[in-house]
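The values are calculated or read from the model by the stated rules, or taken from the named source; none is laboratory data. Not measured: the values here are computed from a predicted model. Counting neighbours? That spans all protein chains shown, and the Cβs are built from the backbone with ideal geometry, glycine included. Ligands, DNA and RNA are stripped out before the accessible areas are found, and what is left, the full protein with its side chains, is counted by its heavy atoms. Shrake-Rupley method; radii C 1.70, N 1.55, O 1.52, S 1.80 Å.
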Amino acid sequence: MAEQGRAIERLVIFGATGDLAERMLLPSLYFLDADRLLPDGLTIIGSARAPLDRKSFAERVRTALKRRPEGLDEDVWKRFEARLDYSPADVTRGEGMQSLKERLAGASTVFYLALSPSLYGSVCRALDECGLACGDCRIVLEKPIGHDLASSRAINAEVGQVFEEWRIFRVDHYLGKETVQNLLALRFANTLFEPLWNNLAIDHVQITVAETDGVGERWPYYDEYGALRDMVQNHMLQLLCLVAMEPPPDAGADSVRDEKVKVLKSLTSFTHASAQQHSVRGQYRAGVVDGKQAPSYAEERGGESETETFVALRAEISNWRWAGVPFFLRTGKRLPERRTQIVIQFKTLPHFIFGDQAADDVLANRLVIDLQPDEDISLLLMNRRPGLTGTRLQALPLSLSLADGGRRRVAYERLLLDVLADNPSLFVRRDEVELAWAWIDGIADAWKELSLTPKPYAAGSWGPAGAFALIERSGRAWLDE
Ligand code: BG6
């Protein structure tokens, strides 16, 4: 096929009629086209089992775009529609690959697998058998890659037999979020934080990914994975790595990924004792979220199950920088608000000089990085309350609000653009995925061996009581206001 460095001419989306493609990938491509960021000669070929033709596929895409709050611009749509094509295929049986081959005709191609990871191996084999995997074409894989370390290794090995690592782009869509990328700028484009970014100045770190939505119709997938594998193994560990990693020598893909790998290697493994003390599983019961009645997970699923929809963990990183600094991670469905937030909590003052009254006012400094729903970075600083009588203090945030009034980009826009530009910086390398699984397996195995089943929590609450106890045992509290 094409030589390395040639512009991508075809983007094939397998699973093009699925939820991910219709909700995220095709709208992101449309927005990129609206901003004239797609290469001129790029054709987007949808592929799925559905026996559609080009016209009916384009009609589906148009309907999906019209459902979005941004609305549809007819001029952009005309341009975008001209790029769309469709080629029916059953990737599990290798059927339809021949007609896809005719459409590709030697073009430089990216294959995006918006499919269940259990199909990755067979798709790669089918592409290989009909001669489509050759040259410099790339493949994009969605999470979760596997269900544990063994299955992840098996999938990576199957894909690796056909595609070399440099041609594999593993997506973690959190890495495409603006504030996540900004975390690197904050840490490595300022001199201010680096001398304080360690166990001498930082008391602990909190990472919260709270969602108000329930699992709903995704339960067949979710029930097999649960919050630990669906959220912690990938998105939350990526956030933890970006907070905890050492400064890389440059911002190149492998330099950053090498540092993330070192963090993953330094995570303290869970034992039976630490799983009991430092992990909490929960599952939502019926309750009220956003003023509306919400059903229990068991009702949505149509029966009881032991899958967790909430996890809280106290993680530790065994290295010089972070020894003794707990990282509290918490994620769940049907929580009271949608919030993705990283809190860097600095230590309390070593000595206080402003008298008893003002002592009650003091809060330790904290850096709060909000990813969702608002994008903001704020540093909480103490200062004096204006006035002539006595000294009182107040905490005020120094805020770097990132909202510029413009449309907020879908994380996939950045990632798709990077795939087309052959830039792997924001994608996950094989060793990262496997190290993350190894750590997660330690927790999942301990839960299984100890029969730690999920504790109930009411939809609309911040999880089971144990999640509060987990952090309070160390004299700290979740930042929930
Ligand atoms: C996905 C998970 O990877 O991330 C979902 O499978 C979760 O369960 C979603 O809802 C959250 O993403 P975001 O961008 O809405 O925070």
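Peptides 98-110, 116-128 ranked from most to least packed give 116-128, 98-110, packing being the mean of other C-beta atoms within 10 angstrom over each peptide's residues. When the convex hull of its Cα atoms is viewed from all sides, the chain shows a mean projected area of 25.3 nm². Among the trypsin sites (Lys or Arg not before Pro) in region 126-217, none is located in a DSSP loop while being surrounded by at most 15 other Cβ atoms within 10 Å of its own Cβ.
What lysines sit close enough to Lys78 to cross-link, taking a C-alpha to C-alpha distance under 25 Å and skipping anything fewer than 8 places away on the same chain? Once the sequence-local lysines are set aside, what remains near Lys78 is Lys55, Lys66.
Dividing the mean sequence gap of close Cα pairs (under 8 Å, 6+ apart) by how many residues the chain holds gives a relative contact order of 18 percent. Highest average first, the peptides 432-444, 211-223 ordered by how many other beta carbon atoms sit within 10 Å of their residues are 432-444, 211-223.
The Rg/Rh ratio for region 33-102, using Cα coordinates for both the radius of gyration and the Kirkwood hydrodynamic radius, is 1.02. Beta bridges assigned by DSSP with both partners in the chain are antiparallel in approximately 60 percent of cases. Computing the accessible area with a 1.4 Å probe over protein heavy atoms, can you report the carbon and sulfur percentage for the chain? Ligands and nucleic acids excluded, carbon and sulfur give 52 percent. Separation of region 298-312 and region 346-425, taken as the distance between their Cα centroids, equals 35 angstrom.
Dipole size of region 329-381 about its Cα centre, with +1 on Lys/Arg Cβ and -1 on Asp/Glu Cβ: approximately 440 debye, rounded to the nearest 20. With the gyration tensor restricted to C-alpha atoms of region 293-447, the semi-axes of the equivalent ellipsoid amount to 37, 24, 21 Å, longest first. Look at the dipole of the chain built from charges on Cβ: of Gly15, Leu141, Leu335, the Cα furthest out on the positive end belongs to Leu335. The accessible area of Leu452, taken with all protein chains in place and a 1.4 Å probe, comes to roughly 50 Å². Calculated accessible area for the chain comes out at 44 Å² per residue, all protein chains present (probe 1.4 Å; ligands, DNA, RNA ignored). A simple charge model with +1 on the Cβ of Lys and Arg, -1 on the Cβ of Asp and Glu and nothing else charged puts the dipole of region 79-157 at about 160 debye relative to its Cα centre. Dividing the helix sum by the residues of the chain, where each DSSP H run of 4 or more adds -39500 (n - 2.57), gives a mean residue ellipticity at 222 nm of -9500 deg cm²/dmol.
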